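The values are calculated or read from the model by the stated rules, or taken from the named source; none is laboratory data. Here the structure is a predicted model, which means the values were calculated and not measured. Glycine also receives a Cβ, built like all others from the backbone with ideal geometry; neighbour counts cover every protein chain displayed.
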Amino acid sequence: PIKRVDVEADEDIVHKYHVNNLPKLILVDLNGKEIKRWKGVTDPIEINNYLYDNGYAERPKRAHQQKASDSKFKQIDLKLASQFTLESLSDDLGYIPSGFSDDFYVSELQKQYKHYCLMAKSNLVMDVVGQAHPFMIALKNHVKSYIADTKNSSNNAMKYLYESAEISALVQQIGMLSLHANMKHIKDVANITREEFHMAMEPENVCLAIGLYTYYTILTNKNITVDKFNQLFVETWLDYYEKIQVRWLMIKMRGNSWKDDFKDVLLDD
């Protein structure tokens, strides 16, 4: 955090910052330590560029950038809506996973992949036809705002979604991010209750998290096209249930500090 100190003829400020030629503006941190000073009347553009270039403020998007971003959202939403219409009518995703878990209970959850992949798409595209639930509209607006904040692309837990061209790597990361979304409210992972664990296994909760992170990946990763939605969702769905027990044990060993690895991710709050 920073603040600006406008130097006119305030004797205390002049003395504190050893001002000889009366600079117009001094940039200081919240403890009063000087960061930068400008002498005389400085062009506001120069000041703003310093703030942007040094991470003290976020550079606003230009109109054409915002228009291009909105156009990309619209194109992807229309493509997903078209896919959903065809797939729901034909009951065919056009993608079949290679196999399921040997564990009966896990495999029964995994085999629901088609239903929940279509549900995820339905959640994401209903606003295209004006039928979206306000909750989903709010979530999609949150996705847009999160993408617009460029610093999020360097978040350690999110950056793989922007960069990786490997479906297997994305599956692993989306699986962990989705598990975080469903377990982040647990206060003590060492004493997780049966109800809390079942909430993390609840298909509708898992569907929502995986769907949003898959959508986010398609929006931000130039290596992953919208036609990969089904593959990425389905493989993550299978992986989530296959590895949830192991991941939960790892989280339990780490303790409540595990949440620090997911600070400020898309579905953190």
| said: Going residue by residue through the stretch 178-198, is there one that turns out to be crowded, with 18+ Cβ neighbours inside 10 Å and among the aromatic types (Phe, Trp, Tyr)? | reply: no
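Give 196, 108, 202, 166 a once-over and let me know the one that is of a type in the set (D, E, K, R), closer than 24 Å to residue 79 by Cβ and free of Cβ contacts under 8 Å to residues at least 60 places away in the same chain.
That would be 166, the only listed residue that is of a type in the set (D, E, K, R), closer than 24 Å to residue 79 by Cβ and free of Cβ contacts under 8 Å to residues at least 60 places away in the same chain.
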| request: Specify which of the listed residues (227, 261) is within 22 Å of the chain's Cα centre (by Cα), part of a helix (DSSP H, G or I), over 27 Å from residue 80 (Cβ atoms) and charged (D, E, K, R). | output: 261
| Test: residue 81 is in a loop (DSSP other than H, G, I, E, B) and surrounded by fewer than 19 Cβ atoms within 10 Å (Cβ to Cβ) | no
| said: Condition first: at pLDDT below 95 and either among the aliphatic types (A, V, I, L, M) or in contact with a Ser or Thr (Cβ under 6 Å, 6 or more places away or on another chain) (or both). Now tell me which residues in the stretch 195-232 satisfy that. | reply: 199, 200, 201
| message | When you scan the stretch 159-169, do you find a residue that is under 17 Å from the mean Cα position of the chain (by Cα) and among the hydrophobic types (A, V, I, L, M, F, W, C), even just one? | response | yes
